Every structure is written in structure tokens, then in C-alpha cells.
Amino acid sequence: MKPLLRTGASALALTLSATLAQAEGELSIYHWFEYIPQEILDKFAEEYDVEVTMDTYDSNEALLASLKAGRLGDYDVAVPGDYMVEIMANDGMLDTFTRDEMPNFDNILPEWVDVSFDPGRQSSIPYQWGSTSFSVNRDVYSGDIDTTDIIFDPPEELRGKINVLDTAGETLTLASLHLGIPQCSTDREELEALNDLVQGAKQHWASFGSDVAKDVLVSGDAAAGMIWNGFGMKAREEGANIEYAYPEQGYIVWMDNVVLLKDAPNRENAIKFMNFLLEPENAAAVTNYARYTAGVDGVEPFLDAEVKSAPELNPPEGGNPVFVQPCSEEVQKIYDTMWTNLKK
Amino acid sequence: MAGGIGSGPGKSARTYAGFGVPLILPAWLVIGIFLVVPIGIMLVYSFLTKEFRGGVVWEFSLAAYDQFFFDRGLFGDDPPQIEWTYILIFWRSIWQAGLATLLSLLIGFPTAWFIATRPASTRTIWLFLITVPYWVNLLIRTISMKFLIRDNGPLNTWLLEAGLISEPIHLINTWVAVQLGLFYSYLPFMVLPIYAAVERYNFALSEAAADLYASRFVTLTQIILPVVKPGIIAGCILVFVPSLGSFLAPDLLGGAKNFMIGSLIDEQFKGAAGNWPFGAAAAMILLSMVMLVLIFYARSQSRREET
């Protein structure tokens, strides 16, 4: 009864503060879909007496498009992936903060402080990180899955039963790893080889889909599918007999980051929120919900047991993880043509 | 226009015309602000220079239309040839939308006829039943269709259990699935206008035709069809146009393997391509095609009225 009363009281307080329309005491978040538990938002709202509102997007590119279309200045914080932080910073969409403003800054794990996409963390803090490769249904295929052949030169059992992510960036990056060519290569022969590879592999693919990546594996529509590790773990927990692969050719790692947006209407609350997310208990709550990994020190005591032991979240030693690089305009144009030709 | 309201000539029509301006103003404002202005913006954007990763640079450019019509190879420096990619994507959308229209007509016409020939007391119930599924959001209906037709879904399970098939019919992620989705999504838009036309049909005409020894086929083609034709044409337009720009069905039921016009445009704005002028140009070309169909219809209508 007590927690119910408290929630009721805080809801009342929120309503009141909304009714009184106090300019201070608001926070506007722009976030991925299904990526933060409601309890965490409520907890922040209660602790800091702030009215929290959130809109969602479904890809880094959609976030960028929306901000470019005039939404910059509406939101305080957003959660772009690594390469998108760099793109947004270069486009002047981010504000900076100092470490003094954020008491919990030192909770960030050292390896995530001086990152290439935001050296020294001027505008961003780690949210969650994870990997992108693929999961394979073990009822259908029992052979070795730690190779990108599963997607680009699949064994007989998996042909025509593969889902790939519907984003050119991740799919073409995994294809580049398969060929062993550098990302964003400008070499014509390498680009032609990349084009031939995806054109030839498409006949084995049943579908392109990102938000459905989990569903197709659970339902059995696909027997193998590119997927993000936490999403793959959720699929496994929902009953699919699948195993997440760490291909020897390499796999993609990414980190989503909370960034302070330029012209944030509530800059002070944005900083408070970022600081709040660096509390180990809160970072762990996000991990327990989203099934990815926090970049914050001291989260272990708060983590679910399943998260600690999940193979999806514990990559083997000596793997070959790579970040997606933002390509130059020239290369991106070729990728666009390749992608359109692939789906024509 | 005003003559339709006032039955008498001259003075009364003018009196009503005076009322019309303030009454029509809200509609004009809505159309102006939410239709003409956005389309104007799209038209302007389609002639601007693309900014890398979304957005536009305010410099005139025909690059978007050039990209649509000319193929310069993977690296963009081959001699220009006719670009078949987008023609193929448009053609796919056109025949899928056309087939959906035809199927809707084949099923919608008898349905509308059936409802219109029920006693007046039960017609409302039948119409009500037609609209029930459409209280649910299109996205939910499309996903439900996916659940139904997947390889291990209810449809295949029932057919297997009934012994009608020996292995599952593979529908999901094929063009057939896209077609099912389109046809099902827009079927009531065919039924309702045809129903409205058939309901106004005077069945004494059929009796008269029968009395004059017309066969049932002749009655259908010579008497009934000309009378209900406007309803059929309206239904066809109402099904064809939204099918043409649809992107839910191709994405969810077709596995997004092949672009249709809607998903191609969507990709330009929300995808990695970030090519707003090209998305705008593709939308303008689609819009022009739809306009052409509607103008063609309007002209054939006015010609019909003249004769």
C-alpha cells in the first residue's frame, strides 16, 4: 500500500507542477523506443521534482533527421550511438559541460572516458553499450556459427531463412568484415566486391527488418538473423532456441550515449539527469531492462543474475570488435546506391 | 456550385452564395495550411541541393530528378543511361496497387450488391459489420495478417490439419503477402461507394429489362453497370491511390526486401541515405501520377455529363 500511496502522491505532485506550469522543473528527453524503464523516469521526477516528458525514435538517422528538421531546441537530452555523437558534434548540435557540473562523472569506466567519438567526454556520457552480430536457431542448424558465412554464404539449412537489419550502416559494415576490407573503403575493386557480395547473398535472405529482428527469431519466421546482443538475449528469454554468434571475421560494437543538446530548454535538469544516470544503481536498472551493458563502475551488485551470466553480454576474449565508422560523403553516396540497388 | 443548394434561379442562389464564403473558410484554411503549403515546400525542396546526412542547401539543383531518370553507375562517373531502378520500383507499386484494386472490385461489388439488396432494416447492420475491422489501427491489422499467414501460423496449421495441403504454403515475405495486405487494408473503400451507388439504383429498371427479354448478362452490362459506374470508379480511386503510396504492407508482410514507392521515399528521409531533395522529387513524381489519374477521371466524368 505504501509504495502505491507514494506513487499516487508523486503523480499528484507531477500533475500539480504541470498545472502550475513552472518553467523550471521540466526535462524533455528524446530517446530510442523501449530503452528506458518507466520506474527510472518516475524516480528521477520524484527525486528532483521535475516533470519529465519523452519522445522516441527508431534509428540514429531518424534522430538526426528530426533534429535537422527543426526540433533542436525542443529537447534537453538525446541518446545517439557512437558515430552519431561525432556527426552531431560536427554539425554543432551538442552543448558541452564540465566535470565540475557532474559529480558522478568519475563513475564512468576509464575505458569509456576518452572515446574517439567524443574525446574526454565534452558533451556525452555512456548510456549502454552492446554488440551487433547475429543469432542462429540451434534446432535448425547445429554447425559452427562463429563466422559471417552464416549471413553472406549460408549453409543449406539456413538459406532463405535469414533476416538482416534494415540499416545500410550495420549490414554493409558486417559485409565489409566478411570480406576483410576496411570500412568506408574508397578502393573501387573493394567496393565492387562488397556490392557483388550483398547482391549475391540477397537470394538467401528472407527479410530486412530492425524492429522486428527479435520477433522473427521467436516466431520462427527466420532461423538466423542479424541482431543486437540485448535484443537477441530477450529473444532467447522469450523461448527461441537461439545462440548469439561472435564471428571470427569480427563483429560490431556500439555505445549509445546521453548527449546534452544545444539550446536545451532545461540545461540544468539535463545535467542532473545525466548525473542521475551515472549512479550505479540507476545504470544497472537500465541494464536490467534493456539487456545491454552499462559503462558505469560499480553496477554489479544491482544487476540481475541472468544479465551477469548471459553469453550475449559476455563476449569471448580475443574477439574482433569494431565500431561503425561514419563514412565520407563520397563513400556514403556509393553505399546509398548499393543499398537502393539491393532493394530495387 | 451554389445552384446545387438553391433550387430557384437568380436571387436565392446569390443569397446562399453570400453564406458560403464564411462557411467554406475553415475548410480552405485547413487545405491551404496543411495541404498546399507542405506540398509547396516539397516541390521547392525537390529542386534544392542535398545536404550530406539530411537537410538541404539553398542552391537550385536538378540533381534529384537527374538521379531519378539517369543511371551513372555505382561510382557516379559512367556515361548516363536510363535509370531503370526507380521505374522498376514505381512499376512494382503500380501493378500491386492495380491488382489490389481489381481484387477489391471483384469481391467488393458482389458484397455491396448483397448489402444494398437486403431489407432496409438489416442494411445498417451489414454496413456496420463491414466497418468493424477498421476501428483497429492499420498497423495492428497488418501485423495480425502477418501472424495469420506465417509458415507456422494458424492458416497453415488449419490447412495442414484439414489435410488440404501437405506442407505449409510459404506466403510471408512474398509479393503475394504484400498483395493480401493491400487488398485487405482498402477493401471497404471499394464496398462503401459501390453500395451508395447500388442503393440508389431503381430495381424497376431491371424488371423492365427482364420484361423486354434482356438476358441477365445484358441487364448487368447495359443497365446496371452504367448506373453504378460512378461508384465503381470512386471505389477504384479510393483503393488505388492509398495502395500506391503504402509502405506498411511491403515492410511488414513483404519483409522490406523490395522497395515500393512509399518505402523508397521513407528511406530518403529516415534512412542512412538522408537525401531529402530526392525523397521530395520522388514524392512529387508520385503526386503527379496520381493527379494525372484524377484529371483523367474528372475529364471523363464531365464528358459523360455533357453527352
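No lab work stands behind these numbers, since they all come straight from the coordinates. Not measured: the values here are computed from a predicted model. Glycine gets a Cβ as well: all are built from the backbone with ideal geometry, and neighbour counts include every protein chain shown.
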**Fill in**
For A:330-337, A:162-169, A:95-102, B:190-197, ranked highest to lowest by mean beta-carbon neighbours within 10 Å, the order is A:162-169, B:190-197, A:330-337, A:95-102
**Item:** Cα-projected label distance for A:Asp153 with B:Leu160, points at 7 Å along beta-carbon direction, nm
**Value:** 3.4 nm
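Would you mind giving the mean number of other chain beta-carbons within 10 Å of the Cβ of each residue in A:306-316, as a whole number?
On the way: counts 0, 0, 0, 0, 0, 0, 0, 0, 0, 0, 0.
Across A:306-316, the average partner-chain Cβ count within 10 Å equals 0.
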**Prompt:** How well do other chains shield peptide B:267-279, expressed as the mean number of their Cβ atoms within 10 Å of each residue Cβ?
**Reply:** 6
**Request:** Indicate the gyration tensor shape class of chain A (rounded, prolate or oblate), computed on the Cα atoms with a ≥ b ≥ c the square roots of the eigenvalues: a/c under 1.5 is rounded; otherwise a/b larger than b/c is prolate and the rest oblate.
**Result:** prolate
**Fill in**
Of B:218-229, A:73-84, ordering from highest average Cβ density within 10 Å down gives A:73-84, B:218-229
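Does the range A:106-230 come out rounded, prolate or oblate by the C-alpha gyration tensor, with a ≥ b ≥ c the root eigenvalues, rounded set by a/c under 1.5 and, if not, prolate when a/b is larger than b/c and oblate if not?
Here the range A:106-230 falls in the oblate category.
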**chymotrypsin sites (Phe, Trp or Tyr not before Pro) within the range B:78-124: DSSP coil, no more than 16 neighbouring Cβ in 10 Å** = B:Trp84
**Message:** Out of the GluC sites (Glu not before Pro) in the range A:176-266, which ones are loop residues according to DSSP with at most 15 other C-beta atoms within 10 Å?
**Reply:** A:Glu238, A:Glu248
**Request:** May I ask for the distance between the Cα centers of the range A:129-155 and the range B:237-307, given as a whole number of Å?
**Result:** 38 Å
**Message:** Tell me the relative contact order for the range A:211-278 as a rounded percent, counting alpha carbon contacts under 8 Å between residues six or more apart.
**Reply:** 21 percent
**Message:** I'd like the isolated cysteines in the protein assembly as shown, meaning no second cysteine's beta-carbon lies under 4.7 angstrom from theirs.
**Reply:** B:Cys236
**Prompt:** Percent relative contact order of chain A, based on C-alpha pairs within less than 8 angstrom and at least six residues apart?
**Reply:** 27 percent
**Complete:** FRET efficiency (A:Asp263, B:Arg72; Cβ distance; R0 51 Å; to 0.05) is 0.80
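Applying 1/(1 + (r/R0)^6) with R0 = 35 Å to the Cβ-Cβ distance of B:Ala204 and B:Val132, what FRET efficiency is obtained, to the nearest 0.05?
My answer for the efficiency is 0.60.
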**Message:** Can you give me the long-range amide H partners of B:Leu48? Hydrogens built in the peptide plane at 1.01 Å from N, cutoff under 5 Å, separation of 5 or more residues or another chain.
**Reply:** B:Ser61
**Asked** Alpha carbon centre of the range A:160-197 versus the range A:222-298: separation in Å?
**Response** 25 Å
**Message:** Running a GNM on chain B with Cα contacts under 10 Å, which residue among B:Val30, B:Val198, B:Val176 ends up with the highest mean-square fluctuation?
**Reply:** B:Val30
**Message:** Quick query: amide H of A:Trp32 versus all other amide H atoms, modeled in the peptide plane; which residues come in under 5 Å with a sequence gap of 5 or more or a different chain?
**Reply:** A:Tyr57, A:Val79
**Karplus 3J(HN,Hα) series, Hz, for the range B:151-162 with 6.51 cos²θ - 1.76 cosθ + 1.60 (x for Gly, Pro)** = 3, 10, x, x, 4, 5, 4, 5, 4, 5, 5, 6
**Request:** Per residue of A:213-222, count partner chain C-beta atoms within 10 Å of its C-beta, then hand back the mean as an integer.
**Result:** 3
**Item:** Total formal charge among the other residues, if their Cβ is under 15 angstrom from that of A:Lys202, Lys/Arg +1 and Asp/Glu -1
**Value:** +2
**Asked** Say we join alpha carbon atoms closer than 10 Å with springs in a Gaussian network model of chain B; which of B:Ser288, B:Ser104, B:Ser263 then has the biggest fluctuation?
**Response** B:Ser288
**Request:** Using only alpha carbon pairs under 8 Å that are at least six residues apart, calculate the relative contact order of the range B:191-266 and give it in whole percent.
**Result:** 30 percent
**Request:** Calculate, axis by axis, the spread of Cα positions in the protein assembly as shown along the three principal axes, and write the results as whole Å, longest axis first.
**Result:** 93, 65, 64
**Prompt:** Got a sec to turn the phi values of the range B:31-41 into Karplus ³J(HN,Hα) couplings, 6.51 cos²θ - 1.76 cosθ + 1.60 with θ = phi - 60°, whole Hz, x for Gly and Pro?
**Reply:** 5, x, 6, 9, 10, 5, 4, x, 5, x, 4
**Request:** Take the alpha carbon gyration tensor of chain B, find the square roots of its eigenvalues, order them as a ≥ b ≥ c, and report rounded if a/c is under 1.5; if not, report prolate when a/b exceeds b/c, else oblate.
**Result:** oblate
**Request:** Please go through the residue pairs A:Lys68/B:Lys50; A:Lys202/B:Lys270; A:Lys43/A:Lys272; A:Lys161/A:Lys214; A:Lys344/B:Lys50 and name each one whose alpha carbons sit more than 18 Å apart in this structure.
**Result:** A:Lys202/B:Lys270; A:Lys344/B:Lys50
